[in-house]
Amino acid sequence: MEHSHGAPRAPASSVDTEQLALEMTERFRQVLSTRRMNELTLRSGQSRPSSPAPRDFGTPQPPSAQNPPPPYSSLRNIPMVPQPPQDARSVRFRNMLQSLSNMPLRWENPGLLDEALRVVPLEQIYNQAEEESQILQAEAESLGSGKKAAWGYQDCVVRALMRWFKRSFFTWVNNPACSRCYSPTIVVGMAAPLPDEQARGANQVELYKCSVEQCGTYERYPRYNDAFVLLQTRRGRCGEWANCFTMLCRAVGSRVRWVWNSEDHVWTEVYSVHRKRWIHVDVCEEAWDKPRLYTEGWGKKLSYCIAFSADGAMDVTRRYIRDPSKYSLERNRAPEAVLLHIMDEIRAMRRNNMSKQEKFRLEGEDMREDRELRGYVISSIAHKVSKINADDIASGRYSSPRPDPDSAKALEGRTSGNSQWIRARGEGGRGTSNQQDPHNQHPR
Ligand SMILES: [Zn+2]
């Protein structure tokens with residue numbers, strides 16, 4: 001980025017520097033704001049409605065009860081025809097996913113996004129991004145001609161934003177500390193939200209009591225799910241972290257996804273224009289592009305990871321489970337053909353108002369991603385096969401493949417949350433208990 005300094009200045013005093021910083025920050029805001037407005041106007045010729053468009057799923061499809069879906073797991077690789085949900089369980093799953101899919105729409109509000117950037121130290125973040133992208137560029141050049149930098153400038157902006165968010169902005173909450181004597185608190189249960197909590201969008205309030213008997217103060221922990229409210233409260237668990245951070249990624253101009261995992265976690269994906277693919281970002285862990293973290297790192301088993309954006313939905317489970325034989329849980333909320341149908345429905349709904357070209361472009365992107373996800377399955381199988389020694393098979397010595405050295409970087413436990421909470425969730429990394437506590441009521 002070019003830093004123009006205008007007219008020559010007198011020897012810089014600290015006031016001048018401050019003024020300059022303020023001016024530059026303001027300029028960044030202007031540029032972002034203009035770009036975002038352009039983006040939104042270009043996208044569909046009309047601004048996005050604040051509520052989802054009327055549902056139009058096309059002509060109803062005939063019931064196909066005589067044609068039950070084949071036993072299938074999308075983690076395998078069999079083409080299949082989408083089927084509308086028929087049983088009550090599948091209908092419930094569809095309703096839940098449709099409701100979750102609204103989350104990213106709340107961040108498509110240019111006014112609120114501009115406002116949100118006021119809490120972000122933009123100058124610091126852009127300087128760090130600039131520096132990192134120059135280093136990456138130099139590294140690439142030193143490797144010879146035609147080499148591309150590992151990450152582009154905008155990727156570095158999100159990386160810097162992630163570091164700032166985790167290290168200086170947001171706080172992790174298990175039990176909130178007593179506000180009177182700062183002692184630890186003990187969970188009491190759930191409470192009804194107070195009017196002001198409800199007004200700010202908290203439908204659930206956790207109640208805690210100070211562990212010091214003479215104090216006995218009650219602490220309320222309202223679970224806000226409005227990203228803009230979270231800019232003020234600046235605390236929470238994975239749910240609040242992912243919500244607020246994903247919104248800020250949007251605010252600095254990235255395309256974003258909110259990834260819902262059925263085993264009680266949420267995280268972000270950001271589209272890298274430089275790499276032409278979606279990148280896993282978990283701000284709670286300061287993890288960038290480490291999709292194997294949950295399985296190979298935390299030793300967690302997963303069933304569904306579904307990504308929602310303002311313009312679509314995608315089952316991205318295969319990005320996060322590279323070894324289904326070890327890390328996949330049964331996917332029994334709906335037949336796989338029904339899940340495909342639900343994804344199609346959500347996409348159709350989000351793209352309803354878009355131009356033909358825009359739809360076409362997004363379909364191309366979906367197909368590229370599908371190829372990418374299938375590629376993970378294929379390379380995982382190929383990797384396993386390559387580890388098998390023919391002699392061992394012949395002599396009956398073959399048992400199981402050796403671990404993949406590449407996966408070592410994923411083998412770290414989670415860093416957010418205290419150790420007790422992590423153990424209860426079975427997310428301590430390799431070598432810790434894998435038991436996931438079904439009684440953990442509000443870990444997100
Ligand atoms: Zn107290």
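Being touching an Asp or Glu at 6+ places or on another chain (Cβ under 9 Å) and closer than 24 Å to Asp226 by Cβ is the filter; apply it to region 188-202 and report the residue that is farthest from the ligand (Cβ to nearest atom). Within region 188-202, the match that is farthest from the ligand (Cβ to nearest atom) is Gly201.
All conditions in (1) more than 16 Å from the ligand (Cβ to nearest atom); (2) outside any helix (DSSP H, G or I) hold for Tyr221, with the sole exception of (1).
Looking across region 169-182, the residues that are surrounded by fewer than 17 Cβ atoms within 10 Å (Cβ to Cβ), under 20 Å from Arg237 (Cα atoms), of a type outside the set (A, V, I, L, M) and within 15 Å of the ligand (Cβ to nearest atom) come down to Pro176, Ser179, Tyr182.
Residue-by-condition table, conditions (1) within 17 Å of the chain's Cα centre (by Cα); (2) within 16 Å of the ligand (Cβ to nearest atom); (3) farther than 20 Å from Asp315 by Cα:
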{"site": "Thr217", "(1), (2), (3)": "no, yes, yes"}
{"site": "Arg234", "(1), (2), (3)": "no, no, yes"}
{"site": "Cys249", "(1), (2), (3)": "yes, no, yes"}
{"site": "Gly253", "(1), (2), (3)": "yes, no, yes"}
{"site": "Val256", "(1), (2), (3)": "yes, no, no"}
{"site": "Tyr271", "(1), (2), (3)": "yes, no, no"}
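Here Met162 meets each of (1) crowded, with 19+ Cβ neighbours inside 10 Å; (2) closer than 18 Å to Val119 by Cα; (3) touching a Lys or Arg at 6+ places or on another chain (Cβ under 9 Å); (4) outside the structural domain of Gly417 (by TED's automatic domain parsing) with one exception, condition (3). Tell me which strands (runs of 3 or more DSSP E) are completely within region 269-388 and hold 2 or more residues being of a type in the set (Val, Ile, Thr), or say none if there are none. Strands (runs of 3 or more DSSP E) meeting the threshold: 277-282. Please go through region 204-215 and pick out each residue that is within 16 Å of the ligand (Cβ to nearest atom) and outside any loop (DSSP other than H, G, I, E, B). Scanning region 204-215 gives Leu207, Tyr208, Lys209, Cys210.
The values are calculated or read from the model by the stated rules, or taken from the named source; none is laboratory data. What you see is a predicted model; the values in this text were computed from it and never measured. Backbone-built Cβ (ideal geometry, glycine too); neighbour counts: all protein chains shown.
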